[in-house]
Amino acid sequence: MERNFIIWRGNSKKGEFKNYTIKLEPGMVVLDAIHRIQVEHANDLAVRWNCKAGKCGSCSVEINGRPKLACMTRMNEFTPDEVVTVQPLKTFPVIKDLVTDVSWNYEQNKMIPPFKPREKKNGKDHVMYQRDV
């Protein structure tokens, strides 16, 4: 099955949406499709990813206008004739294509104090309950 994608290409100064058509395989996620577009059509397409397991958040993009993780958004979530539009997150400055400057996140992370559990009471380990979180 072939699928049409519209992907943002450009930088912070200028850019445009470009159309790509690729063949999908069963079980693909949007990140897989982006990688296929890189291989078959646009080897200079910039996209950030790391874990491909929905843990790190580095593949965050806007898919059809909603912020999502490209590695966790399955292609079978879309109707067969739906065009998939992928663009960088609007909340961060664009560096190139789908890559944004998320350095603000790292600065915020530095301000969060590390978790330090309380001292053991009666020789028992600290227990953390969901309500404590």
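Consider the stretch 23-50 and keep the residues that are surrounded by fewer than 15 Cβ atoms within 10 Å (Cβ to Cβ) and charged (D, E, K, R). The one that is nearest to Leu98 (Cα to Cα) is Asp44. Within the stretch 15-56, being in contact with an Asp or Glu (Cβ under 8 Å, 6 or more places away or on another chain) and of a type in the set (Lys, Arg) holds for one residue alone: Lys23. Against the criterion of being touching a residue at least 24 places away in the same chain (Cβ under 8 Å), within 24 Å of Lys14 (Cβ to Cβ) and basic (Lys, Arg), Lys68 does not qualify.
On inspection, Leu69 does not qualify as over 18 Å from Asp32 (Cβ atoms), in contact with a strand residue (DSSP E or B) (Cβ under 8 Å, 6 or more places away or on another chain), surrounded by 15 or more Cβ atoms within 10 Å (Cβ to Cβ) and of a type outside the set (Gly, Ala, Ser). Against the test of being over 13 Å from Ser12 (Cα atoms) and touching a Gly at 6+ places or on another chain (Cβ under 9 Å), the options Asn122, Asn105, Asn109 yield a single qualifying residue, Asn105. Consider the stretch 78-105 and keep the residues that are hydroxyl-bearing (Ser, Thr, Tyr) and within 30 Å of Met1 (Cβ to Cβ). The one that is surrounded by the fewest Cβ atoms within 10 Å (Cβ to Cβ) is Thr79. Answer yes or no as to whether Glu40 is among the acidic types (Asp, Glu), modelled with pLDDT of 90 or more and under 19 Å from the mean Cα position of the chain (by Cα). When the stated conditions are applied, Glu40 does not pass them. Check the stretch 25-42 and report whether any residue there is touching a residue at least 40 places away in the same chain (Cβ under 8 Å), part of a strand (DSSP E or B) and touching a Lys or Arg at 6+ places or on another chain (Cβ under 6 Å). So far as the stretch 25-42 goes, yes, one or more of its residues are touching a residue at least 40 places away in the same chain (Cβ under 8 Å), part of a strand (DSSP E or B) and touching a Lys or Arg at 6+ places or on another chain (Cβ under 6 Å). Listed conditions (1) without any contact (Cβ under 8 Å) to a residue 24 or more places away in the chain; (2) surrounded by 10 or more Cβ atoms within 10 Å (Cβ to Cβ); (3) assigned to a helix (DSSP H, G or I) are all met by Tyr20, apart from (3). Of the residues making up the stretch 16-55, those that are at positive phi and of a type in the set (Gly, Ala, Ser) are Gly27, Gly54.
The values are calculated or read from the model by the stated rules, or taken from the named source; none is laboratory data. The shown structure was predicted, so the numbers you read here are calculated from the model rather than taken from an experiment. Because the Cβ atoms are built from the backbone with ideal geometry, glycine has one as well, and the counts that use them run over all protein chains shown.
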